[in-house]
Amino acid sequence: MQYDRNLHALLVSLSGNALMMNAHAQAMMQTHTVRVYTPASYTPRLLRAEHGAIIAALRSANEAASLAALAKHLDRSRADLLARMPLTPEAKS
């Protein structure tokens, strides 16, 4: 998990945007990756593939590929989180 957090911090720092870097640091202090991933979804193989695609796209300086790789990673993470969230009583009816 530490490698995952380090990669995310590195990617944010590459923006050179101090506001974004500060917001990311604050979010990391207030949350923990364990809340997002389950053992089933947090596999080294999956993360290497997703992170590898992001890094390869960034290295190629291909903006469309970079955005697509980032979107795929974020969409899967969001879907995993939402799938595990309990429904509120209002949402069940």
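The values are calculated or read from the model by the stated rules, or taken from the named source; none is laboratory data. Computed from a prediction, not measured in an experiment: that's the story for all the values here. SASA here: full protein model, heavy atoms, side chains in, ligands and nucleic acids out. Shrake-Rupley method; radii C 1.70, N 1.55, O 1.52, S 1.80 Å.
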- Query: Are any of the residues in the stretch 19-34 modelled with pLDDT under 80 and outside any helix (DSSP H, G or I)?
  - Reply: yes
- Collect the residues in the stretch 1-14 that are open to solvent by 60 Å² or more (accessible area, probe 1.4 Å) and either modelled with pLDDT of 80 or more or not in a helix (DSSP H, G or I) (or both), keeping them in residue-number order. MET1, ASN6, LEU10, LEU14
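Just to be sure, is ALA83 at pLDDT below 90, open to solvent by 40 Å² or more (accessible area, probe 1.4 Å) and of a type in the set (Gly, Ala, Ser)?
On the way: at pLDDT below 90: yes; open to solvent by 40 Å² or more (accessible area, probe 1.4 Å): yes; of a type in the set (Gly, Ala, Ser): yes.
Criteria met by ALA83.
Just wondering, is there one or more residues in the stretch 52-74 that are at pLDDT below 85 and within 12 Å of the chain's Cα centre (by Cα)? Give the steps one after another, and end with the answer.
Within the stretch 52-74, the first condition is being at pLDDT below 85, and the residues that meet it are none.
Within the stretch 52-74, not a single residue is at pLDDT below 85 and within 12 Å of the chain's Cα centre (by Cα).
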